[in-house]
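Asks: Below you'll find the structure I mean.
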Amino acid sequence: MTAFASRDALDAFARAIGASGPVAVEGGRTRWSLGGAPAQGTRLVRAPAGVVEHRLEEMTVRVLAGTSVAALHALLAEAGQRSALPERGGTVGGALAVGENALSSLRRGRVRDALLEVTYVSGDGRLVTGGAPTVKNVSGFDLPRLMVGALGTLGLIAEVVLRTQPLPSTSRWLVAADADPFAVKDAARSASCVLYDGERTYVELEGHEVDVEADLGILGHLARFGAASGPPPLPPRRWSLSPGDLRRLDPTATGPFVASIGVGLVFASLARPAPAVAEGVRALSRAMKAAFDPEGRLNPGRDPLQGS
């Protein structure tokens, strides 16, 4: 399905960004404070929106960065598909820029792996494309992965090609107050998401009905699970930890929290203290910034190495 040709929209976006002066892209502002606020005097622009092409049989979709994730997923759902992007009210470009995965990433996978091709506007106002719609055609430097989580500091995302996947035939949310979340994650093969808020364990089972039913029986031996309408409310801050560190999570540091088991993501009420970053990592980050945006005009004030 081809909705429209996107070249005119991309060219207009590049002209709006131009080749001088500090500039940032404004999307849904759902993670606007991540990595720091834009520097004073930064000009805000909006990325173009629209689904350009959905190749159902190849399981890919070409979409402009200003498209809301909700609109993209509504279109994909009509064809029985979805993407790895998080459903939290933001835009496609914003979700990729912050590098946030869907809650059900145990089955959907990471957004970094779902991004096949990216077109972005560089620091000197040019449109640059990296990657390819099919993995076998990709060679050279992996620009798509580099742009994920860079907060728009290396390039302002304009258009992407994403891998899609079939919608599960069955999906159920469960909750229990007496379950070990780590045991649940290890036992339920169809678990797409396991969340723990310090008292209750929530699990989403997805897949073929026979597999989900089998896991319902397995979980019934672990704890007294009941039906849930969905995940619990998620606090606004994000902490990235190694999955093993979740066992030693300190609620006095996070405040009320919801931890995603097996993923290493914690939704916390309190801001995380700035993590210690090795000087070698900082030097590499500075070198990448100097190579991609020597004038420092893309999203000034934001730092991907800074905590939430």
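Asks: Could you run the Karplus curve 6.51 cos²θ - 1.76 cosθ + 1.60 with θ = phi - 60° over the stretch 52-63 and give me ³J(HN,Hα) per residue in whole Hz, x for Gly and Pro?
Replies: 7, 7, 10, 9, 4, 5, 8, 6, 9, 9, 9, 9
Asks: Net charge around E26, counting only other residues with Cβ within less than 11 Å of its Cβ (Lys, Arg = +1; Asp, Glu = -1)? Write out the running numbers ahead of the final one.
Replies: On the way: positive: R29, R43, R46; negative: none.
My count for the surroundings of E26 gives +3.
Asks: Probe radius 1.4 Å, ligands and nucleic acids ignored: give me the carbon and sulfur share of the accessible area of the chain as a rounded percent.
Replies: Looking at the chain in its full context, I get 53 percent from C and S.
Asks: In addition: Collect residues whose amide H, placed 1.01 Å from N in the peptide plane, falls under 5 Å from the amide H of L116; neighbours closer than 5 in sequence don't count.
Replies: Amide H neighbours of L116, under 5 Å, 5+ apart: V161, L162, R163.
Asks: Which ³J(HN,Hα) values, rounded to whole Hz and listed in residue order, are derived for the stretch 257-272 from phi using the Karplus coefficients 6.51, -1.76 and 1.60 in 6.51 cos²θ - 1.76 cosθ + 1.60 with θ = phi - 60°, glycine and proline given as x?
Replies: Rounded to whole hertz, the list is 9, 9, 9, 8, 6, x, 10, x, 10, 10, 8, 10, 7, 9, 5, 7.
Asks: Where only protein heavy atoms count, and the probe is 1.4 Å, what is the accessible area per residue for the chain in Å²? Don't skip to the answer; put the middle values down first.
Replies: Values: 14330 Å² over 308 residues.
Ligands and nucleic acids excluded, the figure is 47 Å² per residue.
Asks: Also, I was wondering about something else. Once fully extended, how much extra length lies between A187 and D142, figured as 0.36 nm per residue of separation less the alpha-carbon to alpha-carbon distance?
Replies: Gain in length upon complete extension: 12.7 nm.
Asks: With runs of 4+ DSSP H residues as the only contributors, calculate the mean residue ellipticity of the chain at 222 nm using -39,500 (n - 2.57) per run, divided by the residue total and rounded to the nearest 500.
Replies: About -7000 deg cm²/dmol.
Asks: Tell me the angle of helix 69-78 to the major Cα principal axis of the chain, expressed in degrees between 0 and 90 and rounded to the nearest ten.
Replies: Here the helix axis deviates by roughly 70 degrees.
Asks: For the residue pair R200 and D245, what label-to-label distance in nm results when each label sits 7 Å from Cα along the Cα-to-beta-carbon direction?
Replies: With each label placed 7 Å out from Cα toward Cβ, I get 2.7 nm.
Asks: Going by Cα centres, the stretch 239-258 and the stretch 1-76 are how many Å apart?
Replies: 33
Asks: To continue, here is another question. Mind ordering 73-83, 193-203, 296-306 by average Cβ neighbours within 10 Å, highest first?
Replies: In descending order of packing, they fall as 193-203, 296-306, 73-83.
Asks: Please give the contour-minus-distance gain from Q165 to R282: 0.36 nm per residue of separation, less the Cα-Cα distance, rounded to one decimal in nm.
Replies: So the chain would gain 38.5 nm between Q165 and R282.
Asks: Related question: Multiply the residue separation of E213 and D178 by 0.36 nm, subtract the distance between their alpha-carbon atoms, and state the gained length in nm to one decimal.
Replies: Details: separation 35, 0.36 × 35 = 12.60 nm, distance 2.05 nm.
Stretched fully, the E213-D178 segment lengthens by 10.5 nm.
Asks: List the relative contact order of the chain as a percent without decimals, with contacts defined as Cα pairs under 8 Å and 6+ residues apart.
Replies: Here the relative contact order equals 20 percent.
The values are calculated or read from the model by the stated rules, or taken from the named source; none is laboratory data. Since we're looking at a predicted model, the values are computed, not measured. Glycine gets a Cβ as well: all are built from the backbone with ideal geometry, and neighbour counts include every protein chain shown. Areas reflect the complete protein model, heavy atoms only, side chains present, ligands, DNA and RNA absent. Shrake-Rupley method; radii C 1.70, N 1.55, O 1.52, S 1.80 Å.
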